[in-house]
Amino acid sequence: MNLGVLGSPWVGFAHYRELFSDPSFIQAFKNTIIINIYNLIFGFSFNVFLALMINEVQIRRLKSVVQTCVYLPYFLSWVIFAGLVQVFLQAPVPGDTGGMVNQLIVAMGGETIDFMKRPEMFRGVLVVTNIIKTAGYSTIIYLAAIAGVDPTLYEAAAIDGGNRKDMLFHITIPRILPSVAVMFLLNVSQLFLSNFDQVYNLYNNFVLSTGDVLSTYIYRISLGGGMEFELSTAANLLMNVMGLVALVFSNKFVKKLDVMGIF
């Protein structure tokens, strides 16, 4: 370390060659992309849908209650929220009936499922828990955009005989499209990133094949005991560069839709 950057030997792409020859890195890279695509398809679209549905609630007190309920999970740490998820999804053990989800499955005549030890189900658990925890807070941007829509547009539509469906599709959605585009770009830029707090607190050795992502892989080979800080630095740089490339290309795509992008 005392040689400094300029005095140290240049290794070139040696660490990257080592990374791409490591099956664990390839699997983590694949899992990261798959999970983030699921989050983009289901999580992002659900956030927009939830904001539109909350806006359609006409009873002010009910609307406040709904907003409070969907916002609340965001203010819990992933440590607490992951603990709640494990309690709800717990498989039955001798002397215990299991979590609430398995109790419901049994009550409906089904067989219990050990969600936290099924690799083929773990990605779904990550996506659903991420939606439950973050969807309410994510709707704030869209609700703010909806609040900025000129009320006279709705009044004119009502005079012309438009119903709530017409107002939704012809006034609300077109007016919030720029905000949706910007949030979409920000989500695409995180395509190669992953929520370390969520995955680390939920995954285990049974689901490594489908649950291990780049952030947990980097932690494992560095601070988690691997002590390979050169590899972890290379993996982190690669992850951020690919995120920047994804952001640039998605920004160009959004601009072709006649919507202002980030730059």
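The values are calculated or read from the model by the stated rules, or taken from the named source; none is laboratory data. Quick caveat: nothing in here was measured; it's all calculated off a predicted structure. Glycine gets a Cβ as well: all are built from the backbone with ideal geometry, and neighbour counts include every protein chain shown. Each accessible area value is taken on the protein alone, full model and side chains, heavy atoms only, with ligands, DNA and RNA left out. Shrake-Rupley method; radii C 1.70, N 1.55, O 1.52, S 1.80 Å.
Scanning segment 89-101 for residues that are at pLDDT below 85 and over 19 Å from GLN198 (Cβ atoms), we see that the one that is most open to solvent (accessible area, probe 1.4 Å) is PRO94.
Sub-6 Å Cβ pairs linking a first residue in segment 81-96 that is on the phi < 0 side of the Ramachandran plot to a second residue that is open to solvent by 70 Å² or more (accessible area, probe 1.4 Å) and outside any loop (DSSP other than H, G, I, E, B), at least 6 apart or interchain, are PHE88/MET100, ordered by first then second residue. In segment 38-73, which residue that is of a type in the set (A, V, I, L, M) and under 17 Å from LEU185 (Cβ atoms) is surrounded by the most Cβ atoms within 10 Å (Cβ to Cβ)? The qualifying residue surrounded by the most Cβ atoms within 10 Å (Cβ to Cβ) is VAL48.
Taking segment 8-29 as the range and being over 15 Å from LEU238 (Cα atoms) and either assigned to a helix (DSSP H, G or I) or touching a helix residue (DSSP H, G or I) at 6+ places or on another chain (Cβ under 6 Å) (or both) as the test, the residues that pass are PRO23, SER24, GLN27. Identification of helices (runs of 4 or more DSSP H) wholly contained in segment 35-117 with 3 or more residues that are touching a strand residue (DSSP E or B) at 6+ places or on another chain (Cβ under 9 Å) and within 22 Å of LEU202 (Cα to Cα) yields no element. Here TRP10 meets the list (1) open to solvent by less than 60 Å² (accessible area, probe 1.4 Å); (2) over 21 Å from ALA135 (Cβ atoms); (3) at pLDDT below 90 almost entirely, failing just condition (1). Looking only at residues of segment 74-88 that are open to solvent by 80 Å² or more (accessible area, probe 1.4 Å) and aromatic (Phe, Trp, Tyr), we find that the one that is farthest from VAL127 (Cα to Cα) is PHE75. For segment 145-176, taking the residues that are surrounded by fewer than 14 Cβ atoms within 10 Å (Cβ to Cβ) and touching a residue at least 12 places away in the same chain (Cβ under 8 Å), the one that is farthest from LYS252 (Cα to Cα) is identified as ARG164. Residues of segment 1-30 that are in contact (Cβ under 8 Å) with a residue 40 or more places away in the chain and within 17 Å of PHE192 (Cα to Cα): TYR16, LEU19, SER24, PHE25, GLN27, ALA28, PHE29.
Scanning segment 206-234 for residues that are outside any helix (DSSP H, G or I) and buried (at least 21 other Cβ atoms within 10 Å of the Cβ) yields ASP212, VAL213. Here ILE35 meets the list (1) open to solvent by less than 30 Å² (accessible area, probe 1.4 Å); (2) modelled with pLDDT under 90 almost entirely, failing just condition (2).
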